[in-house]
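The structure under discussion appears below in the form of C-alpha cells.
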Amino acid sequence: MHEAPSGGLKWQSLLLLTVGLILLFLLDIGLGSVRIPVEDTVRILLGQSVGNEAWEAIILKIRLPRSVTAILVGAALSVGGLQMQTLFRNPLAGPSVLGITAGASLGVAAVMLAAGGVATAFSIRQLDLGGSWMIIIASTIGAALVLIVILGISFRIKDNVVMLIVGIMVANITIAIVSIWQYFSDPEQIQEYILWTFGSLGGVTNQQLGALSLIVVSGIVFTFFLSKTLNVLLLGENYAQSMGLNIRRSRILIIAVTSILAGAITGFCGPIGFVGIAVPHLTRSFLNTSDHRLLIPSCVLVGGILMLLCDIISQVPGSQTVLPVNAITAMIGSPIVIWIIVKRRNLKSSF
C-alpha cells in the first residue's frame, strides 16, 4: 500500500479539489439554454432579487437542485465503489456489483411494466409521479429485497470472492426477470422504462432533494467512521482477524451502507454507471495513497466534480438538447479507467 501524503500535502489536495468543485458547481448552474449573466446567477444564489422572476425560478427550482443532485450522485457512487473495491480487493468492483442497482431496477420495472398500461400511464403522466415518489418507493423496495437476500447469504459464506460471484448471479437473475417483463410488455411501457434507465439528474424536486441529501450524507459520514476498518481490510482478512477485526460484521456494515447509497441514487436518479468504478481509481492515482481517511473525502469531491462535468456535457450548453447522463458517464469514465491502467500498469498494487 502507498503511504498517506504528509499533512500539508493532504490539505492542499483537498483544498484544490474543493475549489474545483465550487467552480464547476457555479459553471453548471450558469450554463443552460437560457443565458443568465454570471453576476445575476451569484446574486440569486445569495438570496438577492435581480428583478427577473423567470431567471430566479430557473436557477432556484431547476438548475440548483440539478447541480446539488449531481454532487450527491457523484459522492454516493464514488464512496460506494471505494468500499466495494476495498472489501473485495477487486479493482473492477463497483456499488452495483452485489445486484442492489439491479434490484432497484426490478422494483421500477414492477411499476412500469407489470402494473399494466392503464395504471402506468395514469400514474406517470396524469399524476406526474414518474421518477417521483412512486418510482422511488418501488426502487427502494426492490433494492431492499435484494439487500436482504445478499445479507442472508453473507451469514453463510465467509469468502468475499464467493460473495462477489453470488452478487453477480443475483443481479443476473433480476435482469432476466426484467427482460421477461419487457418481452411481454407494450412498446409504450418499454419506452417509459428505457427512458428511466438512461438516468436523469433533473427529476429530483426540492422536497425530494432533502431526503436524498439526508441519506447520502448519513451514508458518507458512517463510511468515514469505517475508514479504519477499510484500511485494515487492505492488509488481508487473516491479518485483519489477527488484529481483532470482526470480518463478518464489518462486511455486513460495508455492504449495507453501500447498498443504501446505491439504492437511493438509483431510486431518485435511475441507474448511473461507471462513476463508482472510475472515481476511486482516479482518486488513488491523484493522491497516490490507499489511506481511506483521505480517500473517502477525496472521493466525495472527485465524484462531485466528475458528475458536474458530465452534467455540463449532457446539457449541450447553448442548445435545448439534453443527452442521457448514463451515456456521458460511460464516455468519460471508461477512458479514465483505461488511462489509469496504462499509467499504473498494475491496479492490484492498491489492494
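The values are calculated or read from the model by the stated rules, or taken from the named source; none is laboratory data. Quick caveat: nothing in here was measured; it's all calculated off a predicted structure. Because the Cβ atoms are built from the backbone with ideal geometry, glycine has one as well, and the counts that use them run over all protein chains shown.
Numerical summary
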{"quantity": "Any hit, the range 193-202, residues being within 24 Å of Gln315 (Cβ to Cβ), of a type outside the set (Phe, Trp, Tyr) and either without any contact (Cβ under 8 Å) to a residue 12 or more places away in the chain or in contact with a Phe, Trp or Tyr (Cβ under 7 Å, 6 or more places away or on another chain) (or both)", "calculated": "yes"}
{"quantity": "Residue count for the range 277-294, restricted to those that are assigned to a helix (DSSP H, G or I) and farther than 11 Å from Ser13 by Cα", "calculated": "10"}
{"quantity": "Residue list for the range 177-236, filter: more than 30 Å from Met331 (Cβ to Cβ) and part of a loop (DSSP other than H, G, I, E, B)", "calculated": "Phe184, Asp186, Leu226, Leu234, Leu235, Gly236"}
{"quantity": "Cβ pairs under 6 Å, 6+ apart, first in the range 269-293 and under 14 Å from Ala330 (Cβ atoms), second of a type outside the set (Lys, Arg) and part of a loop (DSSP other than H, G, I, E, B)", "calculated": "Gly270/Gly199; Gly270/Ser200; Ile272/Gly199; Gly276/Gly94; Gly276/Pro95; Ile277/Gly94"}
{"quantity": "Conditions (1) in contact with a Ser or Thr (Cβ under 9 Å, 6 or more places away or on another chain); (2) modelled with pLDDT of 80 or more: number failed by Ala114", "calculated": "(2)"}
{"quantity": "Failed item, numbered, when Asp186 is tested on (1) modelled with pLDDT under 85; (2) surrounded by fewer than 16 Cβ atoms within 10 Å (Cβ to Cβ); (3) out of contact with any helix residue (DSSP H, G or I) (no Cβ under 6 Å at 6 or more places or on another chain); (4) more than 14 Å from Pro271 (Cα to Cα)", "calculated": "(3)"}
{"quantity": "Residues within the range 258-275 that are more than 20 Å from Leu214 (Cα to Cα) and surrounded by 24 or more Cβ atoms within 10 Å (Cβ to Cβ), tallied", "calculated": "1"}
{"quantity": "Residue check for Gly94: touching a residue at least 24 places away in the same chain (Cβ under 8 Å), farther than 30 Å from Ile336 by Cα and touching a Leu at 6+ places or on another chain (Cβ under 9 Å)", "calculated": "no"}
{"quantity": "Unmet criterion (only one of (1) crowded, with 16+ Cβ neighbours inside 10 Å; (2) free of Cβ contacts under 8 Å to residues at least 40 places away in the same chain; (3) not in a helix (DSSP H, G or I); (4) not small (Gly, Ala, Ser)) for Arg35", "calculated": "(1)"}
{"quantity": "Among the residues listed as Ile255, Ile247, Ile173, Ile177, the single one being within 20 Å of Ile150 (Cα to Cα) and buried (at least 18 other Cβ atoms within 10 Å of the Cβ)", "calculated": "Ile255"}
{"quantity": "Output for the range 93-110, where each listed residue is buried (at least 24 other Cβ atoms within 10 Å of the Cβ) and either modelled with pLDDT of 95 or more or part of a helix (DSSP H, G or I) (or both)", "calculated": "Ile100, Thr101, Ala102, Gly103, Ala104, Ser105, Leu106, Gly107, Val108, Ala109"}
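For every residue, the table says whether it meets (1) of a type in the set (A, V, I, L, M); (2) modelled with pLDDT of 85 or more.
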site	(1), (2)
Ala121	yes, no
Thr140	no, no
Ile153	yes, no
Asn172	no, yes
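Residue-by-condition table, conditions (1) modelled with pLDDT of 80 or more; (2) crowded, with 23+ Cβ neighbours inside 10 Å; (3) assigned to a helix (DSSP H, G or I); (4) more than 14 Å from the chain's Cα centre (by Cα):
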residue	(1), (2), (3), (4)
Trp55	yes, no, yes, yes
Ile62	yes, no, yes, yes
Thr86	yes, yes, yes, yes
Pro91	yes, no, no, yes
Val118	no, no, yes, yes
Ile124	no, no, yes, yes
Gly130	no, no, no, yes
Ile135	no, yes, yes, yes
Ala144	yes, no, yes, yes
